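Written out below as structure tokens is the structure these notes cover.
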Amino acid sequence: MVVGASPGDAVFDQALLIRDALVSWGCASEIYACHLHPSLEHLIPHYTRYRANPDDIVLFHYSLGSELSAFVAGLRCQVVMIYHNVTPPEYLASVSQELARLAEQGRRELPEFRDQVVLALAVSEFNLLDLRAAGYTNTGVLPIVLDESLYEVEPNPDLMCRYGDDAVNLLFVGRIAPNKRQDELLKVFYYYHKAFEPNSRLFLVGKTPDPAKRYLDQLQGMVRYLGLEDSVVFSGHVSFQDMVSYYRLANVFVCMSEHEGFGKPLIESMYFGLPIVAYAATAVPYTLGDAGVLVHDRDHPLIAALVDELVTDDALRSCIIAGQREQFQIYRQATMLCSLRQYLASLLPELA
């Protein structure tokens, strides 16, 4: 069960992979969701249609407070939690009091499931700390992975033609939100664009949820103030093909996010051989491991210089990419599904 089911959402994508794996292992499996994207309403049942049997095992993808929590709490069957982290409400209060309330609810209610949940799996070592602090004892880590076959799509020829020139393209993928700190990224790009490579662009790829439109306005005002109107691209919501195109067009992935429960775009960048510079906050160091370039201070000129090194120093770039490819092995689909099967074998003997 998931709170929200939207195409391309990391939580929903993982739920799909797990469902398909369980079916292939001979286990009947279905996804139920609380909030459904219109394109999925005829494919994914609403959670209220679920009727529990005592022998059922419910995989509860937990990422936000919602009405689904009370529903799961009332089930009389085994529950396995897959914890995707809950954004701290202080990051959401400035854009939506309702989202902040749901985040606060999600954090408050997390410990309340510990007597019902027979196994709690976190998508990162960072999230595992939350589970242990909430009193969960039977825990493990089940990372988000990529369905690599999906990323073999041909890029959008129009985008490749529009931006496939000799400019240096920096990229960040993620929804427009205060915790993603696109404002900090704009400062880094300003120094890079002015001091190192005026023929450069910044792609900010990701949708703007309605509650974050005020933050988007602030970012666009900042772009105008810095004189970067012709060099910063706000993509808005994009198709999967377009997202792949932006990865293929980019030279460096730069992340200044202040809160990540995992950071799926980091492993997407690893997959595409795109060197990463990232602020070492929350789950980011756990996801990157020894790969990429981690920065511990918001020294914008210094980070801009690091970006320039990755663009101009071929030996350094190759070294960073090689390290990322090695780290990527733990995020391969086969590796995750093997771990999942081992975790569930204690509950489903037929998987042993």
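Listing for the model above:
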| quantity | calculated |
| --- | --- |
| Residue list for region 182-207, restricted to those being part of a loop (DSSP other than H, G, I, E, B) and charged (D, E, K, R) | Glu197, Lys207 |
| For Asn251: the one exception among (1) modelled with pLDDT of 95 or more; (2) under 30 Å from Leu121 (Cα atoms) | (2) |
| Out of Thr137, Thr87, sole residue that is touching a helix residue (DSSP H, G or I) at 6+ places or on another chain (Cβ under 6 Å), β-branched (Val, Ile, Thr) and not assigned by TED's automatic domain parsing to the domain that holds Gln327 | Thr87 |
| Any hit, region 200-210, residues being among the aromatic types (Phe, Trp, Tyr) and surrounded by fewer than 18 Cβ atoms within 10 Å (Cβ to Cβ) | no |
| Wholly enclosed helices (runs of 4 or more DSSP H) of region 86-181 bearing at least 2 residues at pLDDT below 95 and charged (D, E, K, R) | 97-109 |
| Top-ranked residue of region 142-185 - restricted to ones that are hydrophobic (A, V, I, L, M, F, W, C) and surrounded by fewer than 17 Cβ atoms within 10 Å (Cβ to Cβ), ranked as nearest to Leu249 (Cα to Cα) | Met160 |
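The values are calculated or read from the model by the stated rules, or taken from the named source; none is laboratory data. Just so you know, these numbers come straight off a predicted model, no measurement behind them. Note: ideal-geometry Cβ built from the backbone for every residue, glycine included; neighbour counts use all protein chains shown.
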